[in-house]
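So the structure is just underneath, and the comments pick up after that.
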């Protein structure tokens, strides 16, 4: 089935861009609207901004569902529907530290969801349990454990899609990251108390990402650069940032953006079940998490993921961090696609890639999305 998206703005410069031709779920070409055959079905975007759909590598939940509690195809579908309303066309359901039995169920559910064609599912993010308890954040210390042979087998068991693992490099044996890479696993450092030297070795060994930069990691200090210092010095790894003014002060993020290439930063939400829902609280591994002032906290005031969606993250990056809209949008699409090794498949508006797209109103609210060419108006 062929369809043309017309009267869209494709860049911040404005003006009507070329028609975007969608065929069999892919972008078949960008052509002058006047060159389209008369009988080509069209969707008139009426001057709205058209961009690559957002890719979120850290989605704990949405629509009232926490992935740890519902590691099922149905749970993944609900989470995906909730985030699609905010422009997310590709995501990794994210499991925080849990028992091996739950991790196995989550991996099986993601594998089944991809096989069944659940919209937007690109793989899984396993965040823990191979973390440093000193930087556990909201993770349950009772779930944290060493990475043994069984754990390695589990982490490398997904048959379809991408597997992203967040671990603390100082708590795994040397060579482990390289072994995971060779098995096709993308490895990020997070919830870590690594020294600068340990972090540098981890990057050299194959860590290619940093999970929520600044949060739950050894900080930058005058004589101890820590994980943050190593990440800011590194020019190649992708750093996920949560731009909600709660996790990191915007001034700190502005400084970070000046330290390394912009295309190596990616927006993440770290979203919890409250995104796409209206419940004032939810349960997380036996603890009540309260949603207030746009964030999520336990009763001790510890941040527990976020109440952030990707459309809001893009708007915040543009307005709070002083980025151009093109730069902010790239951090929500091209950067995470590159991090996952999917930049030849999605993450940009160009011929041959998957027709994963988002149309934005002038206020940056989502008007519609396309996933593999399937159109849906935002509610």
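For residue 158, are the conditions met, namely being crowded, with 22+ Cβ neighbours inside 10 Å, at pLDDT 95 or above and in the same structural domain as residue 269 (by TED's automatic domain parsing)? Step through it out loud before you land on a result.
Numbers: crowded, with 22+ Cβ neighbours inside 10 Å: no; at pLDDT 95 or above: yes; in the same structural domain as residue 269 (by TED's automatic domain parsing): yes.
No.
Does region 82-92 contain any residue that is surrounded by fewer than 22 Cβ atoms within 10 Å (Cβ to Cβ) and within 28 Å of residue 278 (Cβ to Cβ)?
Yes, region 82-92 has at least one match.
Being closer than 22 Å to residue 141 by Cα, touching a helix residue (DSSP H, G or I) at 6+ places or on another chain (Cβ under 7 Å) and part of a loop (DSSP other than H, G, I, E, B) is the filter here, so list the residues in region 198-244 that pass it.
Passing the criteria: 213, 214, 216, 218, 219.
Is it true that some residue in region 209-228 is surrounded by 20 or more Cβ atoms within 10 Å (Cβ to Cβ) and over 25 Å from residue 304 (Cα atoms)?
Yes, because at least one residue in region 209-228 is surrounded by 20 or more Cβ atoms within 10 Å (Cβ to Cβ) and over 25 Å from residue 304 (Cα atoms).
Look through region 154-172, keep the residues that are touching a strand residue (DSSP E or B) at 6+ places or on another chain (Cβ under 7 Å) and assigned to a helix (DSSP H, G or I), and return whichever of them is farthest from residue 339 (Cα to Cα).
The residue in question is 170.
Going by the conditions given, is residue 284 buried (at least 16 other Cβ atoms within 10 Å of the Cβ), within 23 Å of residue 78 (Cβ to Cβ), out of contact with any helix residue (DSSP H, G or I) (no Cβ under 8 Å at 6 or more places or on another chain) and in contact (Cβ under 8 Å) with a residue 60 or more places away in the chain? Write out each step before concluding.
Details: buried (at least 16 other Cβ atoms within 10 Å of the Cβ): yes; within 23 Å of residue 78 (Cβ to Cβ): yes; out of contact with any helix residue (DSSP H, G or I) (no Cβ under 8 Å at 6 or more places or on another chain): yes; in contact (Cβ under 8 Å) with a residue 60 or more places away in the chain: yes.
Answer is yes for this residue.
Yes/no matrix, rows are residues, columns are (1) under 21 Å from residue 58 (Cα atoms); (2) crowded, with 19+ Cβ neighbours inside 10 Å; (3) not assigned by TED's automatic domain parsing to the domain that holds residue 94:
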| residue | (1), (2), (3) |
| --- | --- |
| 314 | yes, yes, no |
| 322 | no, no, no |
| 328 | yes, yes, no |
| 332 | yes, yes, no |
| 356 | yes, yes, yes |
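Please verify whether region 25-41 includes one or more residues that are more than 30 Å from residue 166 (Cβ to Cβ), buried (at least 24 other Cβ atoms within 10 Å of the Cβ) and touching a strand residue (DSSP E or B) at 6+ places or on another chain (Cβ under 9 Å).
Yes, the conditions are met somewhere in region 25-41.
Can you pull out every residue in region 109-153 that is part of a helix (DSSP H, G or I) and surrounded by fewer than 17 Cβ atoms within 10 Å (Cβ to Cβ)? First the steps, then the outcome.
Step one: list which residues in region 109-153 are part of a helix (DSSP H, G or I), which gives 109-116, 133-135, 141-143, 149-153.
Those that are part of a helix (DSSP H, G or I) and surrounded by fewer than 17 Cβ atoms within 10 Å (Cβ to Cβ): 112, 115, 116, 133, 134, 141, 142, 149, 150, 153.
The values are calculated or read from the model by the stated rules, or taken from the named source; none is laboratory data. None of the values given here were measured: they were computed from a predicted structure. Here Cβ is always computed from backbone atoms with ideal geometry, including for glycine, and neighbour counts include all displayed protein chains.
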